[in-house]
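**Student:** Below: one structure in C-alpha cells.
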Amino acid sequence: MRPIALTFVSALVVCGQAACYGATSVAPREQASAKENAMDGLKTVKSAFGPKETMNRLDAAVRSKGMTVFARIDHAAGATEVGLTLRPTELLVFGSAKVGTALMQAKQTIGIDLPLKALVWQDANGTTWLSYDDPRWLVLRHDGDAALAPIADAMTKGLVAVTSAATQAVESPP
C-alpha cells in the first residue's frame, strides 16, 4: 500500500496538484486566503520530547482512553524506502467508532476526515511538534449544525488530553 501512496504523492509533485485535478489557477491573494482558512482548524503543539518518544506517548495515551489505533504510518521510513530523505514525520490514525459514527450519522461526509489523525513531526531546527485537526473545525467544514457541538467538544477534550500526555513532561513534586 505504501508504494501506491508514495506514487500518488510523487504524481502530484511531478504534474502539479492543480493540473492533476483539472483545477483552474487561483490568484495569489486567493491562494493565501484559502491557505489561511484551511489552516484555521489545524492545531499544533510543541513537544518536550523527540519524535519517537512523542509518538509512543501519543499511541499509549490514545489506547489508555479506550480508543482504537487503526494505523501508524512512518512517512520518513517510506521516503527512505524510495531513496528520499524526510525529517521524522509519523501519522497516527485513531478514534472511537461510537463517537465517530454519531458524527457520520448527522453528516456522512465527515467520514472523509475520520478516524482522527495526529501528525508528529520534527522541524529543521530539531523541534518536535504534534499537529491535528480540531474536531469543531471538522464539523464546520462539513456544515454541521449546533446539535453536533457537544460531540465535537467531547472529541476536542479527548484530543487535548492525549496530546498533552504525549507532549508535556510531567514535573515531579519536590
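**Student:** So, in nm, how far is label Ser131 from label Lys107 when the simple model puts each one 7 Å beyond its Cα toward the Cβ?
**Tutor:** Rounded to a tenth, the inter-label distance reads 2.1 nm.
**Student:** Let me ask something else. Read phi for every residue in the stretch 112-129 and hand back ³J(HN,Hα) as whole Hz from Karplus 6.51 cos²θ - 1.76 cosθ + 1.60, θ = phi - 60°, with x for Gly and Pro.
**Tutor:** Rounded to whole hertz, the list is 5, 9, 10, x, 5, 9, 9, 10, 9, 8, 10, 7, 5, 8, x, 7, 9, 10.
**Student:** Please order Phe70, Phe49, Phe94 by the number of other Cβ within 10 Å, starting at the fewest.
**Tutor:** Listed from fewest to most nearby Cβ atoms, that is Phe70, Phe49, Phe94.
**Student:** Could I ask something else about it? If you stretched the chain out fully between Ala79 and Asn56, how much longer would it get, using 0.36 nm times the residue separation minus the C-alpha to C-alpha distance?
**Tutor:** Working it through step by step, the gained length comes to 6.2 nm.
**Student:** With 23 Å as the limit, write out which pairs from Lys52/Lys98; Lys52/Lys117; Lys46/Lys107; Lys46/Lys98 have Cα-Cα distances beyond it, or answer none.
**Tutor:** Lys52/Lys98; Lys46/Lys107; Lys46/Lys98
**Student:** Rounded to the nearest 20 Debye, what is the dipole magnitude of the stretch 67-164 about its Cα centre when Lys and Arg each give +1 and Asp and Glu each give -1 at the C-beta?
**Tutor:** Around 200 debye, computed over the stretch 67-164.
Values in this text are rule-based calculations from the coordinates and carry no lab data. Since the structure is predicted, the reported quantities are computational estimates derived from the model, not experimental observations. Neighbour counts are summed over all protein chains in view; Cβ atoms, including those assigned to glycine, are modelled from backbone coordinates with ideal geometry.
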